[in-house]
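For reference, the structure discussed in these notes is given below.
Values quoted throughout were computed directly from the atomic coordinates according to the rules given, and no laboratory measurement underlies them. No experiment lies behind these values; they were computed from the predicted model shown. Neighbour counts run over all protein chains shown; Cβ positions are idealised from the backbone, glycine included.
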Amino acid sequence: MGICWGVPSKEYIYSGNAETSASEGTSNYHSNDKRFSATSSGVGSGKFSEAASASPSPDGADLNGEILETPNLKVYSFSDLKSATKNFKSDNLLGEGGFGKVFKGWVDEKTLAPSKMGSGMVVAIKKLNPESVQGFDEWQSEVNFLGRLSHPNLVKLLGYCWEEKELLLVYEFIQKGSLENHLFRRNPAIEPLSWDRRLKIAIGAARGLAFLHTSEKKIIYRDFKASNILLDWHYNAKIADFGLAKLGPSAGESHVTTRIMGTYGYAAPEYVATGHLYVKSDVYGFGVVLLEFLTGMRALDMKRPSEQQNLVDWTKPILSQRGKLKNLIDPRMEGQYSFKAALQTAQLILKCLFTEPRHRPSMTEVVETLERIESIKVKRKQPPICSHSSANRHLFIHDVMELYHELGTCHNVAITKQWMIQQR
Ligand SMILES: Nc1ncnc2c1ncn2[C@@H]1O[C@H](COP(=O)(O)OP(=O)(O)OP(=O)(O)O)[C@@H](O)[C@H]1O
Ligand SMILES: [Mg+2]
């Protein structure tokens, strides 16, 4: 990797080649989830500074974002961030991931200087857990990539702190937190996401990935999953966590070879098997998240019966079967979608999950398909006209049956779904 990249506070940020220096065969697990990192031979690709370009993509897609020449980040001292969070007060804890804890903090809206708790603008401050294995590399990648990327569907990095062992990152605060919380946590205070909201979030996240992929030197995100998508007040998706982001292959190459890192259940099979990372490996991860949207089930869940624990393995053969698909769709969206839209979503998922990366659609194609699906509206049936004529009665029964069928409320379907809820 060997990035030497100017950042205001220090002469440079050193990147030892962590991807190649790790000893062969090691496998690192992050604290609270299924994040993995195993070694494979080969060298990761290089400098973001060389690759980033604000020029429009060759395919002319409206990226609606830009890549800055230099990162425009505020440099904080550790004591700045201590005061912005009231000494990392536990009341201000927003969550915790593999990198460390995330706290709510306050800064001045204009200068971004730390301000008193409760005044100015709210920010999210991520503090490295000293025991985190990948800490420095992830922190550096975040600064190098996210510090220069600007797009409505990417979270904004505002600044950082690097003081001896203290590594912190300061982000814009994204009000509704992670998609994972909204999709899977059974918190009665959080209403289930509707079909329309899920599509809106999927389209936003797909636009964010399309922006990365269509920049001149393609950026591979590498860790697409529900917990890395944050939601603002209006349920706009913001992709967070660029700790594993990687520059795409050089011209004429199809992939980069790198140490295998990512999250079980989301990582593409070719990458897990060989360490060959393709731009289309992100499309696979997107397909898994789209499958989670459709089913309301986690990519991996050890509480499900053994043959159902891996959502992709379990559902892939069923997704193309109309009858069985109905039973898979999250019952909390009952009546909110047209079955045609669900069917097309399932077909898109299957394409994203193709084993061969080059058969998967590009993220630009995914965005277009999702936008078409979004335009399919639920058919609201007119209340039937009551009549004594047998022809009309037949029509009425037919209508009701069709409506029931469409909404998936046939007796046996309802029983199956109930069973599925109990399983979760
Ligand atoms: N910018 C932000 N605004 C609001 N909340 C945030 C922000 N960044 C992170 N959080 C909260 O902190 C939690 C932890 O985030 P973090 O990215 O550290 O871990 P994670 O995504 O759950 O796990 P992983 O280490 O695998 O990425 C998130 O789930 C979210 O609730
Ligand atoms: Mg995260």
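Given LYS127/LYS303; LYS238/LYS316; LYS340/LYS379; LYS218/LYS238; LYS104/LYS238, which pairs have Cα atoms separated by over 21 Å? Show your work: numbers first, answer last.
Numbers: LYS127/LYS303 31 Å; LYS238/LYS316 28 Å; LYS340/LYS379 10 Å; LYS218/LYS238 19 Å; LYS104/LYS238 17 Å.
Over 21 Å apart, Cα to Cα: LYS127/LYS303; LYS238/LYS316.
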Review point. Tell me, what is a quarter of the convex hull surface for the C-alpha atoms of the range 179-374, in nm² with one decimal?
Key: 11.0
Revision key, fill the gap. Between LYS351 and VAL122, the two model label points (7 Å from Cα along the beta-carbon direction) sit apart by a distance in nm of 3.9
Point to revise | Burial ranking of peptide ranges 310-322, 118-130 (average Cβ count within 10 Å, highest at the top) | key: 118-130, 310-322
Practice item. Starting from the Cα-Cα distance between ASP108 and ALA189, subtract it from 0.36 nm times their residue separation and give me the gain in nm to one decimal. Key: 26.1 nm
Exercise for review: Could you work out the Rg to Rh ratio of the range 192-236, with Rh taken as the Kirkwood radius (inverse of the mean 1/r over all Cα pairs)?
Suggested key: 1.02
